[in-house]
Amino acid sequence: MATKTMTPEDFSFMARAIRLAEQGIYTTHPNPRVGCVLVREGEIVGEGFHRRAGEPHAERNALAEAGERARGATAYVTLEPCCHHGRTPPCSDGLIEAGVARVVVAMTDPNPRVAGQGIAQLEAAGIRVDQGVMTDQAMALNPGFIARMSRGRPFVRCKLAMSLDGRTAMASGESKWITGAEARKDVQRLRARSDAIVTGIGTVLADNPSMNVRLSVAELPGVESAAYLLQPLRVVLDPDLQISPAARLLSLPGETLIVTTSENEKRRQALLAVGAEVILLPRHGIGIDLDLLMERLAQSGINEVLIESGPTLAGAAVAADVVDELVIYAAPILMGSDARGLLNLPALTEMKDRITLEILDLRSVGADLRIRARPTRIIQGG
């Protein structure tokens, strides 16, 4: 691969490609979000982003816009061009056929079917390839795709809402609403970018939730029509198959997966009759084996998972080290010591056992605070 000192223009055009890729944040899964900008003599002659799986990739959209002006141009791409046939032809072939002179790649593709081969094909065709411009920003576009391809598991967020004294519900279980309307809308955007939403049977029995995206197309940048917005897979962890076939989430558009340890065939058939999928996984402790669950979801093409649950499942997920990011909404209220806590975790008796978090982002969302944090110290033996 050629080495080159990157210019301010290289960073500027790659930044544009990243902004384009962001327009696919709600629609491309299971494919990655990718943007492409074609530049000739300092002028953008074509640009595009990947809208959804099965449609042309970012490079193909940019080339279509540029036409003959692509010859001799530089292509800025947020992810290494693919070099394999899927539902669409290889982008590396398209760039070569169009006569592009140079390709600037933000990051290599972690997909083993590509993994540097796209770059090698471009270089073999005499195209100069430079890599490493705004790599961190490009990686941030696709945490789930990267995790699935490199670790065989999705990127998992755990969403929590609490009062400033760390409570999530009154002792009676009442919890609507801790946070304000803007925070709840922000959660809807988290749902929209997720491939799957995971909850526990306790939440389903207590709240009869919908577990769907309820924002309009106009509220989701880059979503051109309702047809582009897919409802996330709803995943209910139900070890004893307690869920009712009449549960609200089973009557809504989209797919529902019930994960159980029970072999009760009568209950399973009742759920299958209303359109649910039911799978059997081993029990771990008092619940489902979460590591195995995440492996199974990755095998199904799930990139990003959002856990929305009560403190038992949330605590179990953190203790099992399956959570990559906590998204905590803190409301400016106090709920008292009798109210329910944020996470049910194994007893921590010494400071050395504490879980440390790296704060990634802290901002106001309406009247509430949103904290994004990454676990850096996991419970031993949790």
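The values are calculated or read from the model by the stated rules, or taken from the named source; none is laboratory data. These numbers were taken from a predicted model, which means no experiment stands behind them. In this analysis, Cβ positions are derived from the backbone assuming ideal geometry, glycine residues included, and neighbour counts consider all displayed protein chains.
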Among 288, 258, which is assigned by TED's automatic domain parsing to the domain that holds residue 212, of a type in the set (A, V, I, L, M), modelled with pLDDT under 95 and surrounded by 13 or more Cβ atoms within 10 Å (Cβ to Cβ)? 288
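Scan the stretch 339-354 for residues that are part of a loop (DSSP other than H, G, I, E, B) and either touching a residue at least 40 places away in the same chain (Cβ under 8 Å) or outside the structural domain of residue 178 (by TED's automatic domain parsing) (or both) and jot them down.
Filtering the stretch 339-354 down to residues part of a loop (DSSP other than H, G, I, E, B) leaves 339, 342-350, 354.
The answer is 339, 342, 343.
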Exclusive hit being under 22 Å from the mean Cα position of the chain (by Cα), among the aliphatic types (A, V, I, L, M) and not in a helix (DSSP H, G or I), set 323, 318: 323
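Being under 20 Å from residue 25 (Cα atoms) and under 28 Å from the mean Cα position of the chain (by Cα) is true for just one of 115, 147. Which residue is that? Let's see the steps before the verdict.
On the way: 115 fails: under 20 Å from residue 25 (Cα atoms).
From the options 115, 147, the qualifying one is 147.
How about the stretch 102-215: which strands (runs of 3 or more DSSP E) wholly inside it have at least 1 residues that are touching an Asp or Glu at 6+ places or on another chain (Cβ under 9 Å) and among the acidic types (Asp, Glu)?
Details: elements: 102-105, 128-131, 155-163, 167-169, 196-200.
The strands (runs of 3 or more DSSP E) meeting that bar are 128-131.
Yes/no per residue for (1) assigned to a helix (DSSP H, G or I); (2) surrounded by 22 or more Cβ atoms within 10 Å (Cβ to Cβ); (3) in contact (Cβ under 8 Å) with a residue 12 or more places away in the chain; (4) in the same structural domain as residue 227 (by TED's automatic domain parsing):
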residue: 54; (1), (2), (3), (4): no, no, yes, no
residue: 62; (1), (2), (3), (4): yes, yes, yes, no
residue: 67; (1), (2), (3), (4): yes, no, yes, no
residue: 75; (1), (2), (3), (4): no, yes, yes, no
residue: 80; (1), (2), (3), (4): no, yes, yes, no
Here is a list: 132, 118, 166. Which entry is in the same structural domain as residue 293 (by TED's automatic domain parsing) and at pLDDT below 90? 166
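Hey, can you tell me all the residues within the stretch 187-208 that are of a type outside the set (A, V, I, L, M, F, W, C) and either under 20 Å from residue 290 (Cβ atoms) or crowded, with 18+ Cβ neighbours inside 10 Å (or both)?
191, 193, 194, 195, 199, 200, 202, 203
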Give me the pairs, please: first residue somewhere in the stretch 99-113 and within 17 Å of residue 60 (Cβ to Cβ), second residue anywhere and among the acidic types (Asp, Glu) and surrounded by fewer than 19 Cβ atoms within 10 Å (Cβ to Cβ), beta-carbon distance under 6 Å, and either six or more positions apart or on two chains. none
Determine if the stretch 318-338 includes at least one residue that is acidic (Asp, Glu), surrounded by fewer than 17 Cβ atoms within 10 Å (Cβ to Cβ) and either without any contact (Cβ under 8 Å) to a residue 40 or more places away in the chain or not assigned by TED's automatic domain parsing to the domain that holds residue 189 (or both). no
Going through the stretch 138-154 one residue at a time, which ones are buried (at least 18 other Cβ atoms within 10 Å of the Cβ) and within 14 Å of residue 78 (Cβ to Cβ)? 138, 141, 142, 145, 146
Filtering the stretch 28-45 down to residues that are among the small types (Gly, Ala, Ser) and at pLDDT 95 or above yields 35
